Structure formats: C-alpha cells, structure tokens
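*Asks:* Can you read through this structure? Questions will come right after.
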There are 2 protein chains.
Amino acid sequence: MCKVLKMAGRPSQFEQSEVLKAAADLFWSRGYASTSAEDLLQVMGMGKGSFYHAFGSKRALFEKVLDQFEHPRIGELKAALASGQPPLEAIKIFFRSMALEPAQIKRNGCFMGNTISELSNMDSGLSDAASLRLQALERFFAHLLDQARAAGTLKNPSPSVILARYLINLWNGLNITRRMYPDPKALQDLIALQLTLID
Amino acid sequence: MCKVLKMAGRPSQFEQSEVLKAAADLFWSRGYASTSAEDLLQVMGMGKGSFYHAFGSKRALFEKVLDQFEHPRIGELKAALASGQPPLEAIKIFFRSMALEPAQIKRNGCFMGNTISELSNMDSGLSDAASLRLQALERFFAHLLDQARAAGTLKNPSPSVILARYLINLWNGLNITRRMYPDPKALQDLIALQLTLID
DNA sequence: TATATTCTTTACCGGTTGGTACAAATTTAT
DNA sequence: ATAAATTTGTACCAACCGGTAAAGAATATA
C-alpha cells in the first residue's frame with residue numbers, strides 16, 4: 001500500500017500521478033465514450049496488462065480521474081488567493097480570464113460539466129460524482145463571498161449561497177458559450193455584465 | 001424530390017418527420033457517440049437498408065436532426081408570444097419554468113449545448129452546426145428584447161445584443177446546473193436572481 | 001538460493017461498431 | 001406486359017470495443 005516502504009514484487013514502471021494526468025487530459029478533451037482504452041494506453045504509456053492490473057477498468061479509471069482532477073484555472077485562482085489577493089477581486093479576474101484563453105483551451109470546456117452533459121442519462125454514478133465536484137466548487141465560492149462580505153467589499157445583499165450558485169451557473173454557461181464564440185471580444189462584454197452582480 | 005407528385009418506385013413505409021423525431025429524441029438523451037446505428041433503427045422502426053438508403057450515414061442523420069430540432073420549451077415560448085404574451089414576460093416565464101420540469105426532462109439538457117460539449121474536439125462540423133442554432137436563438141432573444149425596449153418594459157440600458165448573449169449563457173448554464181440540482185427550490189432563487197438583470 | 005509478491009508483455013476473446021452488397025418487392029410510366 | 005425507378009430485408013464485413021489469461025520478469029524476504 002505505502003509507496004515509500006519497499007514492497008515485494010516487481011516495481012511498477014509508471015508514476016500514478018503522471019499517467020492519471022495523461023488520462024485526465026484525454027478524457028477531458030474527448031469525453032468518456034469517445035476515449036478508447038487503446039487511446040488511454042498510448043497516452044499513459046503502459047501496456048494492457050499493467051493498465052487493467054492497476055486500474056481495473058476504463059470506468060474505474062474515469063472515476064479516479066474525476067476525483068483527482070482540478071481545472072488549471074481553479075488552481076490559479078487558489079494560488080492567487082494564497083498569495084494574498086482579495087477574494088472578490090480574485091473571483092473577478094478568474095472569470096475575466098475565461099475570455100482570453102486560446103480557442104484550443106476553450107474547446108475543452110469544464111471536465112465536470114462535460115461529464116454531466118455526456119453521462120447524466122448514461123451513468124448516473126459518474127455524473128453524480130462530477131456534480132459533487134462542482135458543488136464543492138460552489139461551496140468554495142460561497143466561502144470566498146462570505147470573506148468579501150465580512151471585509152465590506154461585497155455589496156449585493158443576496159445570500160452567499162445563492163450568489164455562489166450564480167457563479168457556478170456562470171461557469172457552467174461560459175464553458176458552453178465560450179465554444180460558441182472563441183473570439184474574446186464577444187465574451188468580455190458578457191462577463192463584465194455578469195460580474196456587475198457581485199460589484 | 002417532391003412528395004405530393006407520384007414517383008416511380010416502391011413507396012417508402014416511413015414518414016420522414018416521424019422517424020426524424022424519434023432519432024432526435026434518442027440523440028438528445030444519449031448524445032452522438034453513445035447512440036448506435038442499431039439503436040436508431042429500433043426507435044425509427046426501419047431496416048438497415050432503408051436507413052442507409054434514406055440518410056446515408058449516422059453522421060448525416062445527426063446533421064439533419066440538428067437542423068430540424070426545436071426544443072419543446074422554445075416551441076412553447078413561441079406559442080406564448082404568438083398568442084399575445086408580452087415579450088419580456090414570456091422570457092421570464094420561459095426561464096422560471098426551467099426550474100419546475102421533472103428530473104427526467106432536466107437530465108436531457110439542451111441538445112445543442114450537449115452537442116457542443118461532446119463534439120467540439122471531435123467533429124467541428126457538427127459542433128459548429130449546433131453553435132449556429134444557439135446563435136439563432138440568441139438573435140431571437142435580442143429581437144424580443146428590442147420589442148420590450150420599444151414598449152418601455154425593459155429598463156436595463158445594456159445593448160440587446162449583450163443582454164441576449166446573457167440569456168443564452170443563462171440557458172447554457174442552467175442546462176448543466178439543472179442536472180446538478182434536480183430540486184426546483186435550489187433553482188428558483190438562482191433564476192429569480194438572474195432575471196433581475198432584465199427587470 | 002528458494003519463495004512469495006508484484007508488475008509487464010503478449011496473445012487472445014466474444015461482442016459490437018458503422019457500413020455495404022444485392023436480390024426481392026412495390027410502385028409508375030410506357 | 002414490360003421497363004424503369006425506388007424502397008426494403010437480409011446476409012455479410014473488417015475494424016474496433018473493453019476485457020481476460022497466462023507466462024515471464026523483477027523485486028523483497030527468508
């Protein structure tokens with residue numbers, strides 16, 4: 001179980017976090033059904049035996065990827081907060097930056113939203129797991145909004161829970177709308193308008 | 001070509017609009033990749049020969065479905081407008097009703113949004129076709145907002161084009177967020193908050 | 001060295017995939 | 001009746017699907 005303790009048996013030639021990252025990127029861009037086990041083997045750089053020995057099945061791997069995935073932009077948001085940026089400003093920058101990314105990135109959308117979209121009628125277990133991740137992000141937004149309110153920078157009197165749901169809905173929407181309009185200009189006005197609610 | 005003129009040859013035993021509707025419902029609930037040609041044959045009630053003779057391929061059928069599809073709620077909106085309902089009120093009722101539908105309906109989401117989500121990295125032709133349909137809906141919203149503005153019922157001074165994009169983004173977002181929260185109450189407050197922008 | 005344990009390689013599997021070929025069936029026009 | 005045109009049913013296809021089995025390779029412990 002423990003990786004630092006020396007275990008009997010042949011050591012594995014791959015690093016769990018590395019191959020999981022590779023699998024996540026492929027699932028993210030192609031979705032579940034359109035990503036074949038063969039495709040996964042290739043980007044993960046492992047043989048069929050190792051793959052099924054380590055992860056059990058394509059579905060089990062997808063579950064694991066869902067659990068460990070974090071969207072790069074969310075990572076940046078957390079980093080900005082950790083370096084002292086005020087919560088409300090960090091949120092605004094987070095959403096404004098969604099207009100500016102290259103089209104190739106925009107086309108991937110949100111892994112969790114994609115999963116809900118693809119699998120809500122096909123595999124409620126996976127779809128629910130994705131929902132839970134987005135709900136966690138929503139709670140994180142609510143927490144930041146509470147901080148901003150305490151600091152007096154948030155004027156909107158609506159409950160943080162509702163405003164956080166508004167932000168998640170903005171995230172969900174933009175990850176579709178971004179793919180309709182790769183052009184940043186088409187999105188900047190929209191995002192500015194949306195952010196007036198937490199001005 | 002023309003259906004009313006009698007053509008030589010065996011008459012087809014299916015009605016185009018009927019089988020197209022059946023195919024649309026299946027594509028809508030399962031997406032493109034997870035809907036097999038075999039599945040389609042069954043719900044369309046036709047044999048393999050007829051199917052490929054009439055539609056050429058699964059992809060060509062999907063294209064045709066994308067072109068003719070109209071979301072039932074959009075149909076209701078147009079009907080309400082045709083029967084004299086004021087544009088702005090019709091829009092508000094349209095979005096408020098999204099909270100109330102049964103979970104089974106909510107799980108389908110928006111066929112165009114689903115298509116963008118699934119295929120933007122897999123088949124830009126189909127994804128773009130879905131985008132165009134949503135852009136047409138956006139123009140329709142803009143038209144209604146212009147009417148409301150002319151009637152003096154829309155106070156928000158933002159350009160109709162931007163507000164319409166806001167509404168499309170609301171639609172796109174809700175069709176994901178609805179699947180996170182099948183419970184109407186979780187959605188009603190969100191929708192009410194969102195609609196304050198066109199109050 | 002022997003043994004237990006774990007990972008890797010490779011060959012293989014039945015089922016499903018989207019699609020084709022073609023003859024039979026059914027119609028209209030001559 | 002015959003020919004031309006169109007649709008239908010069926011048999012068939014190679015390619016791909018996710019997954020398994022088994023034997024060998026590499027490590028730790030005794």
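*Asks:* What number, in percent, do you get for the relative contact order of chain B if the mean sequence gap of Cα pairs under 8 Å and at least 6 apart is divided by its residue count?
*Replies:* Over chain B, the number comes to 22 percent.
*Asks:* Here's something else I'd like to know. If Lys and Arg each add +1 and Asp and Glu each add -1, what is the summed charge of the other residues whose beta carbon sits under 10 Å from the beta carbon of B:Phe55?
*Replies:* Every neighbour counted, the sum reads +2.
*Asks:* Residue of A with Cβ nearest the axis relating A to B, plus distance in whole Å?
*Replies:* Nearest to the symmetry axis by Cβ: A:Gly173, 1.
*Asks:* Further question: What trypsin sites (Lys or Arg not before Pro) in segment A:1-108 are in a loop by DSSP, with at most 15 other Cβ atoms within 10 Å of the Cβ?
*Replies:* Passing both the DSSP loop test and the Cβ count: A:Lys3, A:Lys6.
*Asks:* Can you list the distances in nanometres, one decimal and ascending, from the B:Gln147 label point to the identical position in each other copy, with the point 7 Å along Cα to Cβ?
*Replies:* 4.6
*Asks:* Which Cα, out of B:Gly109, B:Gly152, B:Leu170, lies furthest along the positive dipole direction of segment B:79-176 (beta carbon charges, K/R +1, D/E -1)?
*Replies:* It is B:Gly152.
*Asks:* On to the next question. Where in chain B are the helices, taken as whole DSSP H runs, whose Cα atoms extend 18 angstrom or more along the long axis and whose Kyte-Doolittle mean reaches at least 0.0?
*Replies:* The answer, listed by residue number, is B:124-151, B:160-180.
*Asks:* Hey, any idea what % of segment A:9-66's accessible area is carbon plus sulfur with a 1.4 Å probe?
*Replies:* Roughly 48 percent of what the probe reaches on segment A:9-66 is carbon or sulfur.
*Asks:* If I stretch the segment between B:Gln13 and B:Ala60 completely, what's the gain in nm (0.36 nm per residue apart, minus their alpha carbon distance), one decimal?
*Replies:* Separation in residues times 0.36 nm, less the Cα-Cα distance, equals 14.9 nm.
*Asks:* Given a Förster radius of 25 Å and the C-beta distance between A:Lys92 and B:Gln135 as r, what FRET efficiency does 1/(1 + (r/R0)^6) yield to the nearest 0.05?
*Replies:* The calculated FRET efficiency here is 0.40.
*Asks:* While we're here: Ignore the peptide's own chain and count Cβ atoms of other chains within 10 Å of each Cβ in B:107-117; give me the average, rounded.
*Replies:* The mean count of partner-chain Cβ atoms within 10 Å per residue comes to 5.
*Asks:* Say a paramagnetic label sat at a point 7 Å from the Cα of B:Asp25, along Cα to Cβ; which residues of segment B:44-63 have their backbone N under 18 Å from it?
*Replies:* Only B:44-47, B:62 pass the distance filter.
*Asks:* For the protein assembly as shown, what does the accessible surface come to per residue with a 1.4 Å probe? Please give it in Å².
*Replies:* 48
*Asks:* Let me ask something else about it. Between copies, how far does the label point of A:Lys21 sit from its twins, in nm, shortest first, when each point is 7 Å from Cα along Cα→Cβ?
*Replies:* Ordered by distance, the counterparts are at 5.2 nm.
*Asks:* Further question: Taking a point 7 Å out from Cα toward Cβ as the label site, list the nm distances between A:Ser83 and the same residue in every other copy, smallest first.
*Replies:* Label point to label point, same position, other copies: 5.7 nm.
*Asks:* Moving on to the next point. Can you tell me, using C-alpha contacts under 8 Å and at least 6 residues apart, the relative contact order of segment B:110-199 as a whole percent?
*Replies:* Once divided by the residue count of segment B:110-199, the mean separation gives 26 percent.
*Asks:* If one takes the accessible area of chain B alone plus chain A alone and subtracts that of the pair, with a 1.4 Å probe, what total in Å², rounded to the nearest 100, results?
*Replies:* 3700
*Asks:* So, one more: Let me know the mean shielding of A:189-195 by other chains, meaning the per-residue number of their Cβ atoms within 10 Å of its Cβ.
*Replies:* The mean count of partner-chain Cβ atoms within 10 Å per residue comes to 5.
*Asks:* Students often get this wrong, so check it: of A:Lys185/B:Lys58; B:Lys21/B:Lys106; A:Lys58/B:Lys58; B:Lys155/B:Lys185; A:Lys21/A:Lys78; A:Lys21/A:Lys155, which have C-alpha atoms separated by over 29 Å?
*Replies:* The answer is A:Lys185/B:Lys58; A:Lys21/A:Lys155.
The values are calculated or read from the model by the stated rules, or taken from the named source; none is laboratory data. Note that the coordinates shown come from a computational prediction; the quantities given were computed from them, not determined experimentally. As a convention, Cβ positions derive from the backbone with ideal geometry for all residues, glycine included, and neighbour counts pool all protein chains shown. Side chains are part of the model used for accessible areas, which takes the heavy atoms of the whole protein and leaves out ligands, DNA and RNA. Shrake-Rupley method; radii C 1.70, N 1.55, O 1.52, S 1.80 Å.
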